[in-house]
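Each reported figure results from applying straightforward, stated rules to the coordinates on display, with no laboratory input. Just so it is clear, the model here is predicted, and its values are computed rather than measured. Quick reminder, even Gly has a Cβ in these numbers, built from the backbone with ideal geometry, and neighbours come from all protein chains shown.
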Amino acid sequence: MVKDIILPDLGEGIEGAEVSEVSVETGDTVNPEDTILVLESDKASMEIPAEVNGTVKEISVEPGDELKTGQLIMKIEIVDGSNKKEEPDKRITEENSPADTPQLPILEKMGSTDHVFASPGVRRLARELEINLQIIRGTGLKGRITKNDLHGYIKLQMAMSAGSILPPQPVIDFSQWGDVELQKLTKIKRITGERLQQAWQLIPHVTQFDEADITDLDVLRKKMKTAGTKKGIKVTFLPFLMKALSILLKEMPEFNSSLDHANQNLVIKNYYHLGIAVDTSSGLTVPVVRDVDKKSIYELSEELMDLSIRARNKKLNPDELKGGTFTISSLGGIGGTGFSPIVNPPEVGIMGVSRSVWKNAYDKEAGEFVARYKMPFSLSYDHRVIDGAAAATFTARFSEILLDMSNFKN
Amino acid sequence: MDEAKHAEIVVIGAGPGGYAAAFRAADLGKQVLLIDRDPELGGVCLNRGCIPSKALLHISKVMDETSHLEKMGVTYGDPEIDLNVVQTHKNKIVSQLNSGIAQLAKARKVETLQGLASFVSNTELKVKTGTGDIPITFNQCIIAAGSTSAMIPGIPSEHPSVLTSRTALDLEDVPERLLVIGGGVIGLEIGQVYATFGSSVSVVEFLPNLLPGTDPDLVKPLQRKLKKQFELILVSSKVTKAELRGDETLTVTIKNDNGTTKEIFNKILVSVGRKPNTGLLNIEATDVKVKKDGFIDVDVYQRTSIKNIFAIGDIVGQPMLAHKATHEGKVAAEVASGHPAAFDVRAIPSVVYTDPEIAWAGLTEINAEENNISYEKGEFSWSASGKATVMGANQGKTKILFDPETKQVLGVGIVGYGAGDMISEGMLAIEMGADAEDISLTVHPHPTLGETFSAAADMFTGTITDLYIPSKKGK
């Protein structure tokens, strides 16, 4: 049996990438973990594994090609597949043909239906509508793809395309007023642009502002920083904030959730993977640190160093951009007194951190003003999931957690 | 030279694939011309294959069943066979169905033409008729020209004592000794008819098993029965020569590991497979690609290497089965009419209409072993079926092969009375992606042979109550 290998979903925000290397040749034998293709996107370079045992029959891409999710990469003759029927040769020649020759869907684009769980009628409908059944999630019993799933998919596609159409904007010749230069948008800018617009249009955003007293935390951080330097670890405020968030998300799980529209559910996640917004030369990227609640400040610091270096060198693996449950965006090192970040869907909340400053605070017990180190921060949230009172509790509680140094001991 | 014709779609061959293609295309609004070299529509299947053979097999099956009644206290006398009446009966069935197809063609305004079609170019044919050649131009063509019995060297052809599946079904007489060369489906079906009618039948098969390619456990009950019905079954043996004698009998030389023997038979039936009729079409005049073995190469749309020429049925490859041809014919007609149909089936069922019947669909155990495909099996012996016991059909068996991971049905094999009718449920299960539980939880009527299908699934899931299987208990 010959299997069509198509480009899998590469992760949040990446819809396509450029082929930088084809690692196999026609006739090569491959194992599931063998790399068949290396792709380069503006975010990361990634290796695509074969995922099957077999022999490469036909390669449909070459270095330099722009690939999109779902596109055919190559055909592999599978050696241990459980396919039951002999597949006829799918070759279609482009001979000159007389009148009446019908236009047919391009099967390569539609993918094979061999291992798809769908009845013959649904397979026929998919063919008529040119839908690749491999990318559809079945909602029928045991995951069967039903006709309704096809209709739902079409409606979704229509809704998505309707939403993305912007009113045409007039092209203005700015050079009439002075000298201009053109800078091509990077791919990452284009993609984040689309995603941010979508998130902004889709999610009813509210931002809650607050301030945390981090005077004591600053002392602890400096102590740990000195100790860390000896081990070659740079300790910033960020891991402390992450740690505090993981504690808080456990207390208030609706902040660690996603909306499941199809089934009208709120999906509460019992894992705490935090997305960290990282600014790179070509744009914004959000690598994910997994299981923050289980890691120490030093472990988090080390991981952050590694991720930010690799993010800037575009060496992140697509998996590292997936699976976040909450995002934190820190501009503390740069400046600002407050900002309202945009929620990173399908998450429901994002924390924005601004520059900490020394402020005069009145100490009622001592009856005098004392200098306290204050960190302004904000929480943008999806108002469909979280209400204002919960958000205010969240930021207040966050400040409390930062006051208790025992939270950062391990 | 007769008047030239033009057709939007021309179909060559009016067998079950060809007429299905023609009728479907006509229903989709196309102007269709259907060409066949026979005066009657229906092809080999209706005129010289499936239908006449099943007419005879039905008679022999009922004859055989009446003999079972002796054990149940009902005795008939020895049967008297009037071959003329048998032939008339069979021919009546065929002609009744022939005229049915002709009426269907007429109702759809499908024009039919009798003659031998051969290509002139990628868009032209000529048809040799009784009155001369008719030139035909077409936009699209569907080749459904079928297959013919293959012959083997060393055996005289075109002699009344040497039968093919075609002439054997004419049943001119009941030869005293009949040799069947080739222990495949056709040989065993026709051999069994002749044996019931009174011939002493021997079968020689080149490969080590009867019905090569069929799972041995399914063949076993049939083989047991054939051992009683046939004079001799020789496997791993080869007929090297057959010589005609003065009295129209033949001396046949059979070679195997035990040496060479010579035997005299009144008639021999050559049933060693079929070959595609590609050679009759002057296909070289087109750019259609033909494979080395004579089959025409097609894609999932049934298109040949030339986009406006389609091919379906026996001429595009194995299995050479009417229902495959019909399905492919409809696909070709739909694609030719601009619809995005494709030959996208998970399995094609096979049926051997012997007594007992054998039927299978999808993955077989032989196939799984050859291709290293892992499977798990649920098997139900008909000895535990009430209905089979009542019918004296205890030797049957129903088995289902499952995907070890998803538990979905990969293949079904049945041997026993009515297996050919029961396999359809297996086909539905395969196409719908049913798993063991789905079949187990579907209520099957009792007592029927059909419930052996859910029982086979019960055996697999461990929910069987008709048997006691300690190891599966509590699952």
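Some observations on this one:
- The mean number of partner chain beta-carbon atoms within 10 angstrom of a residue's beta-carbon across peptide B:369-377 is 2.
- Sorting A:Arg355, A:Arg124 by the number of Cβ atoms found within 10 Å of their own Cβ, with the fewest placed first, yields A:Arg355, A:Arg124.
- At an R0 of 56 angstrom, the distance between the Cβ atoms of A:Glu18 and B:Ala4 translates into a FRET efficiency of 0.50.
- Pairs of Lys residues in the range B:111-269 are counted when their Cα atoms are under 22 angstrom apart and they lie 8 or more places apart or on different chains; the count is 14.
- Among A:Asp28, A:Asp114, A:Asp173: highest mean-square fluctuation, GNM of chain A, C-alpha pairs under 10 Å: A:Asp173
- In a DSSP loop and with at most 16 other Cβ atoms within 10 Å, the trypsin sites (Lys or Arg not before Pro) in the range B:156-264 are B:Arg245.
- Once the Cα atoms are used to define both axes, helix A:120-129 deviates from the longest principal axis of chain A by about 80 degrees.
- For the segment B:304-310, counting C-beta atoms of other chains within 10 Å of every residue's C-beta and taking the mean gives 5.
- In a simple Cβ point-charge model (Lys, Arg +1; Asp, Glu -1; nothing else charged), the range A:235-336 has a dipole of about 200 debye relative to its Cα centre.
- In order through the range B:380-389: 3J(HN,Hα) via Karplus (6.51 cos²θ - 1.76 cosθ + 1.60), integer Hz, x for Gly, Pro: 10, 7, 5, 5, 9, 9, x, 5, 5, 5
- Calculated FRET value between A:Asn270 and A:Ile309, using beta carbons and R₀ = 22 Å, to 0.05: 0.15
- Stretch gain in nm, segment A:Lys68-A:Glu181, where the contour uses 0.36 nm per residue and the Cα spacing is subtracted: 37.6 nm
- Selected from A:Glu299, A:Glu128, A:Glu347 as most flexible by GNM, with chain A as the system and alpha-carbon contacts under 10 Å: A:Glu128
- For the residue pairs A:Lys230/A:Lys250; A:Lys3/B:Lys330; A:Lys75/B:Lys291; B:Lys61/B:Lys397, alpha carbon separations beyond 29 Å are given by A:Lys230/A:Lys250.
- Listing A:Val206, B:Val201, A:Val286 from fewest to most neighbouring C-beta atoms within 10 Å gives A:Val206, A:Val286, B:Val201.
- Taking other Cβ atoms within 10 Å as a rough exposure proxy, B:His339, A:His151 sort from fewest to most as A:His151, B:His339.
- Theoretical FRET efficiency, 1/(1+(r/R0)^6), r = Cβ-Cβ of A:Ala366 and A:Arg397, R0 25 Å, to 0.05: 0.45
- Estimated Rh, the range B:350-465: Kirkwood, alpha-carbon pairs, angstrom: 13.8
- Simple spin-label estimate for B:Asn372 and B:Asp217 gives 2.4 nm between the two label positions (7 Å along the Cα-to-Cβ direction from each Cα).
- When chain A is treated as a GNM with alpha-carbon contacts under 10 Å, the residue of A:Pro239, A:Pro49, A:Pro346 showing the greatest mean-square fluctuation is A:Pro49.
- Expressed to the nearest 5 percent, the antiparallel share of DSSP beta bridges inside the protein assembly as shown is 70 percent.
- DSSP-defined beta bridges in chain B - what % are antiparallel, rounded to 5: 60
- Counting only alpha carbon atoms, the long axis of helix A:215-231 and the longest principal axis of chain A meet at about 60°.
- Cross-link reach list, lysines versus A:Lys314, counting only Cα pairs under 23 Å and skipping chain neighbours closer than eight places: A:Lys43, A:Lys68, A:Lys184, A:Lys187, A:Lys189, A:Lys234, A:Lys322
- Rounded to the nearest 10 degrees, the inclination of helix A:388-403 to the longest alpha-carbon principal axis of chain A is 60 degrees.
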